Amino acid sequence: MFNIVKREEMAEGTVILNEIQAPLIAAKAKPGQFVILKANEDGERIPLTMADTNPEKGTITIIYMVVGKSTALFKDLKVGQGYQDVIGPLGKPTHIEKTGKVLCVGGGTGVAVLHPITRAMKEAGNHVICVIGSRNKGLLILEDKMKSASHDLRICTDDGSYGHHGFVTDIVKEVLEKQSIKQVVAIGPVPMMKAVCNITKQFNIPTLVSLNPIMIDGTGMCGGCRVTVGNETKFACVDGPEFDGLQVNFDELTLRLKAYCDEEKNCYEDYCRLTD
């Protein structure tokens, strides 16, 4: 049993933070890696990238949006209770080096994934500009942590309730036109990552994205998480989850994620992460 030592409801109660006792994982995990969690025998195996780790306390932190049956089971877990299974760290860690000015872009719960990467980029000596966005102010997460992890934080909301009224891509284009950015990291809903890459491709700037395809075992055995990158088939669980965004076939990824949408294209299952 992997006990929960801290629980916080964020973003209007639809996004939950769990700090989980997992000392062996916390000792080895690096930014960009993920774990697969299972609440109990009735739950699915859900892959989530770690938002933070604390090797001294032996804990990892995950942040997730309540979408379907299994994340609803996660939400029912209280402090002192725990997950039946937590497996990790899985995937390749983010390649961190000093390159100069780095632009980190996050949307929705993707901000949680972006946080440790942004912090590591700053600690490596890069000047980090960060842009985060959400549909409205109530759904924005980790503002204070992202401010601390970057040199310059910009905020966007779709409805204009906080920060820039518009999409993160508005700020991305503005920054790229005015500053010499050496690398972009974009993590969030698939349409957001695709839109960011469409812009960075015009400037020929290396762009890292973290992909979230359907995943079963997390070891490359099932092939469920396959994605096309540069006309080659890759498995997100062992080759990723991070890839060169300028080479990713986002249209194919979108079609595969829609396997769990209803007839009106509403995303409601835990594996359908087009909008979180």
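Each reported figure results from applying straightforward, stated rules to the coordinates on display, with no laboratory input. All values derive from a computational prediction rather than experimental measurement. Cβ sites come from the backbone with ideal geometry, for glycine too, and all protein chains shown count toward neighbours.
For this structure, a couple of remarks:
- The range 101-260, relative contact order in percent, only Cα pairs under 8 angstrom and at least six apart counted: 19 percent
- Of 96, 20, 187, the one that fluctuates the most in a GNM where the chain has Cα springs shorter than 10 Å: 96
- Packing-based exposure ordering (other Cβ within 10 Å, fewest first) of 239, 170, 76: 76, 170, 239
- Annotation: the antiparallel percentage among DSSP beta bridges lying fully within the chain is about 60.
- Cα-based reach from residue 6 at 23 Å (exclusive), listing lysines while leaving out same-chain residues under 8 positions away: 28, 30, 38, 57, 69, 75, 78, 145, 147
- Residue 28 paired with residue 201, simple spin-label distance in nm, labels 7 Å along Cα-to-beta-carbon: 3.7 nm
- Using a Förster distance of 25 Å, the FRET efficiency for residue 178-residue 249 (Cβ separation, nearest 0.05): 0.25
- Helical mean residue ellipticity (222 nm; -39500 (n - 2.57) per DSSP H run of 4+; nearest 500) of the chain: -7500 deg cm²/dmol
- For the range 101-260, the square roots of the Cα gyration tensor eigenvalues, ordered a ≥ b ≥ c, give a/c of at least 1.5 with a/b greater than b/c, which places it in the prolate category.
- The H on the amide N of residue 10, modeled in the peptide plane, is under 5 Å from the matching H of 15, 16, 17, each at least 5 residues off or on a different chain.
- Relative to the longest principal axis of the Cα atoms of the chain, helix 190-203 runs at roughly 30 degrees.
- Inter-part distance where the range 56-81 and the range 150-204 are each reduced to a Cα centre, Å: 29 Å
- With θ taken as phi - 60° and the Karplus curve 6.51 cos²θ - 1.76 cosθ + 1.60 applied, the whole-hertz 3J(HN,Hα) list for the range 24-36 is 5, 6, 4, 6, 10, 5, 10, x, x, 7, 9, 10, 10 Hz, x standing for glycine and proline.
- Folded to 0 to 90 degrees: helix 110-123 orientation relative to the chain principal axis, Cα: 60 degrees
- Note on residue 136/residue 41: beta-carbon distance plugged into 1/(1 + (r/R0)^6) with R0 of 35 Å gives a FRET efficiency of 0.40.
- Of the chymotrypsin sites (Phe, Trp or Tyr not before Pro) found in the range 141-241, no site is in coil according to DSSP while having at most 15 other Cβ atoms within 10 Å of its Cβ.
- Prolate/oblate/rounded call for the chain, Cα gyration tensor, a/c under 1.5 rounded: rounded
- In degrees, nearest ten, helix 168-178 long axis to first principal axis of the chain (Cα): 40 degrees
- Fewest-first ordering of 205, 60 by other beta carbons within 10 Å of each residue's beta carbon gives 205, 60.
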